[in-house]
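*Asks:* Pasting in a structure now, in structure tokens, and then I'll have a few things to ask.
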Amino acid sequence: MLNLFIHPKRIFLVLFVCFLAFSIWIYAIPFFNPTPYSKKELHLVAEGRLVWQKYNCHTCHQLYGLGGYLGPDLTNVYSRTANNEAYIKGIIKSGVKQMPAFEISDDEMKALLHFLKNVDATGTSNPQDYQPEIIGTFSLEKK
Ligand code: HEC
């Protein structure tokens, strides 16, 4: 009886059905959880990421705790500072301590700010706030 059940073909079939169901579930998630961002907004965020890379901000700054360590983590800089956009613009245009001033065009600055805003909305910088879950993902529970 047991031998009949653990036949390789059956095991393959069960695993294949699990794989199929899991794949359908994963691909269906976006349909049930539409993103709160418009297409235009997402385009700006993607462009902002390219600006972030073009000027090598990541060599000195971390996002979500990853990156260079000369400057502070910028994951939540967008919401941390009062009058955030003016503050961030000012720092980028005039530099501070070891950070050089960057000559960034207005369009690039706009995209970069959208990127930082999006990063801020999607995570926190302190890994000590991350709570590992049994399924291998993390939940964000602020202590
Ligand atoms: C050469 C290293 C370096 C690079 C490259 C660099 N920064 Fe900085 N940045 C720093 C340092 C160091 C500080 C912190 C100065 C201080 O202690 O006040 C800083 C501070 C900042 C702050 C203020 C952070 C806060 O917590 O108040 C912002 C915002 C910022 N940088 C954005 C950027 C962006 C955007 C880029 C890319 C265009 C960039 N930085 C590239 C070194 C760098």
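*Asks:* Give, rounded to the nearest 20 debye, the magnitude of the charge dipole that the chain has about its Cα centre when Lys and Arg contribute +1 at Cβ and Asp and Glu contribute -1 at Cβ.
*Replies:* 280 debye
*Asks:* So for each of 99-109, 59-69 I average, over its residues, the number of other beta carbons within 10 Å; can you give me the resulting order with the highest mean first?
*Replies:* 59-69, 99-109
*Asks:* I've got another one for you. Expressed as a rounded percentage, what relative contact order does the chain have, with Cα pairs under 8 Å and six or more residues apart?
*Replies:* 22 percent
*Asks:* Choose one of PHE22, GLY95, HIS58: the residue whose Cα lies farthest towards the positive end of the charge dipole of the chain (beta-carbon charges +1 Lys, Arg; -1 Asp, Glu; about the Cα centre).
*Replies:* PHE22
*Asks:* Describe numerically, in nm with one decimal, the distance between label points set 7 Å from Cα along Cα→Cβ at LEU20 and at THR59.
*Replies:* For LEU20 paired with THR59, the spin-label model returns 5.2 nm.
*Asks:* Which FRET efficiency value, to the nearest 0.05, do you get for ASN33 and ASN83 by plugging their Cβ-Cβ distance into 1/(1 + (r/R0)^6) with R0 = 35 Å?
*Replies:* Once the sixth-power term is evaluated, E becomes 0.60.
*Asks:* Let me know the Rg and Dmax you get for the chain when you use only its Cα atoms, in Å.
*Replies:* 21.9, 77
*Asks:* Let me ask another. How would TYR55, TYR27 line up by accessible area, probe 1.4 Å, largest first?
*Replies:* Result of the area sort, largest leading: TYR27, TYR55.
*Asks:* Continuing with this model, one more query. Keeping every protein chain in place, order HIS114, HIS58, HIS43 by accessible area at 1.4 Å, biggest value first, i.e. largest first.
*Replies:* HIS43, HIS58, HIS114
The values are calculated or read from the model by the stated rules, or taken from the named source; none is laboratory data. Just so it is clear, the structure is predicted and the values come from calculations on it, not from any experiment. A quick note on method: Cβ atoms are made from the backbone with ideal geometry, for glycine too, and the neighbour counts reach across all protein chains shown. We work out accessible area using only protein heavy atoms, side chains counted, and drop any ligands, DNA or RNA first. Shrake-Rupley method; radii C 1.70, N 1.55, O 1.52, S 1.80 Å.
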